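The values are calculated or read from the model by the stated rules, or taken from the named source; none is laboratory data. Quick caveat: nothing in here was measured; it's all calculated off a predicted structure. Glycine also receives a Cβ, built like all others from the backbone with ideal geometry; neighbour counts cover every protein chain displayed.
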Amino acid sequence: MHDAVVVGGGPAGTITAGLLAADHDVVVLEEHATSGVPMQCAGLVTSDVIEMCGVRPDILNEIRGADVIFPNGGRFEVRGSGVKALLIDRTDLDRKLAAAAMDKGAEIRYGTKYIGHKISGGGVSSSTNAGELRSRLIIGADGCSSKTALSLGSNIPKEYIYGIEADAKRRPEHDDVMVLRLGAEFAPGFFSWEIPFGDMVRVGLCISPGRGAAPIDHLKKLLAASGIDMEDVVSKYAGKIPLGGRPRSYGDRTLLIGDAAGQVKPVSGGGLFPICKAAPILAETAKKSLLEDALSAERLRDYEKGWKKEIGRELSRGYKIRKMFTNLSDGDLNKIFEIIDRDDMRSILNEIDIDNPSGAALPMLKNMQVGLRFLPIMMRAMI
């Protein structure tokens, strides 16, 4: 019997497996033939995230600023000192994380599709297309549509957003500045992005469901607005992102991490930072529980307590900001541009931490003049 079966060979699964494998027999089930495909991520992270991952992926570009474009065409320039984010090769990251996990002793079974599991006889029986595995613990790292999460009952996220992006040939105007667009035309309920790297640009967006056209139609509009012809597109990717968390990230002999646990930054849709924060807590809980042979839901609840203490406050704040944002009209967004288009607000946003974006809200609202002008918009957004 294995100590742990990890469902999913993306970063959530391989980082977790690597942390456990030094002391335990860990098997990772990955349904695809190799790591890193399909690629469903913009690939924008901070240097802190790369350090926490423990591997160095190929860096496609360093991003030092952003131009935020509002529905009326108003452009808010965010600049600042130093590199704000790194555009990484996500496929390369995933493959290096998988290699690191195997170097630490984890076994990754590629082409092995998880079908379901049952808890009985003092263990977990996991069914796959290649047969059955027995383990003491199952760890769900199987993404946004996690089957392991649903094994815990009605354990769905508060909402999904749907994204699509394309890599296209185009020499950008600025080598180190990305462009973000707000408003219903390109990305209702979220935002769009244009991230330069060399002679290429990564163009993408997310939308809330039920808000007009399909993601591909919004992408076509965005490409046209960015001056990109469809024949210049070399690849496209699509997927969905769970936001707002799930009711539970643990159960009898069961732990969840990453998208499977709803550990996603609500403002940006990013998942690597929460994974890197939650994985060590999961590993510590799992190791203690395996050592004590105490794998009940009551015992494994320590994991959820731990990760929520570490990142729960930021995720909760971020989701409150998101819910307010989704209630803003294009007119509201334009009004916000008028309010923040001033040097003191620009200096605050120039130093924003993309891993903890809600930290910029309080300093902005503390400005009496700005706070009073924001108040009517915030009140409408909260209703």
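When you check ALA187 against the structure, is it crowded, with 21+ Cβ neighbours inside 10 Å, touching a Lys or Arg at 6+ places or on another chain (Cβ under 9 Å), of a type in the set (A, V, I, L, M) and in a loop (DSSP other than H, G, I, E, B), yes or no?
yes
Does LEU315 fit the bill of being in contact (Cβ under 8 Å) with a residue 12 or more places away in the chain and within 19 Å of the chain's Cα centre (by Cα)?
Details: in contact (Cβ under 8 Å) with a residue 12 or more places away in the chain: yes; within 19 Å of the chain's Cα centre (by Cα): yes.
Yes: the conditions hold for LEU315.
For the stretch 285-304, check the following and say yes or no: at least one residue is buried (at least 17 other Cβ atoms within 10 Å of the Cβ) and of a type in the set (Val, Ile, Thr).
Yes, because at least one residue in the stretch 285-304 is buried (at least 17 other Cβ atoms within 10 Å of the Cβ) and of a type in the set (Val, Ile, Thr).
Between a residue in the stretch 1-26 that is hydroxyl-bearing (Ser, Thr, Tyr) and any residue that is modelled with pLDDT under 95, which pairs come within a Cβ distance under 8 Å, given they are 6 or more apart or on different chains?
Matching pairs, first to second residue: THR14/SER35.
Report yes if some residue within the stretch 110-124 is surrounded by 15 or more Cβ atoms within 10 Å (Cβ to Cβ) and in contact with a helix residue (DSSP H, G or I) (Cβ under 7 Å, 6 or more places away or on another chain); otherwise report no. Even if it seems obvious, please write down each step before you answer.
Here is the first cut: in the stretch 110-124, the residues surrounded by 15 or more Cβ atoms within 10 Å (Cβ to Cβ) are 112, 114, 117, 119, 123-124.
So of that shortlist, the ones also in contact with a helix residue (DSSP H, G or I) (Cβ under 7 Å, 6 or more places away or on another chain) come out as 114.
Taking every residue of the stretch 110-124 in turn, at least one turns out to be surrounded by 15 or more Cβ atoms within 10 Å (Cβ to Cβ) and in contact with a helix residue (DSSP H, G or I) (Cβ under 7 Å, 6 or more places away or on another chain).
State the number of residues belonging to the stretch 198-243 that are of a type in the set (Phe, Trp, Tyr) and either surrounded by 19 or more Cβ atoms within 10 Å (Cβ to Cβ) or assigned to a loop (DSSP other than H, G, I, E, B) (or both).
Applying the first criterion (of a type in the set (Phe, Trp, Tyr)) to the stretch 198-243 yields 237.
Those still in the list that are either surrounded by 19 or more Cβ atoms within 10 Å (Cβ to Cβ) or assigned to a loop (DSSP other than H, G, I, E, B) (or both) too: none.
So the answer is 0.
I'm trying to understand the selection: among the residues of the stretch 1-14, which are farther than 9 Å from GLY258 by Cβ and either not in a strand (DSSP E or B) or not charged (D, E, K, R) (or both)? Give the derivation first.
Filtering the stretch 1-14 for residues farther than 9 Å from GLY258 by Cβ gives 1-7, 9, 14.
Answer for the stretch 1-14, where residues must be farther than 9 Å from GLY258 by Cβ and either not in a strand (DSSP E or B) or not charged (D, E, K, R) (or both): MET1, HIS2, ALA4, VAL5, VAL6, VAL7, GLY9, THR14.
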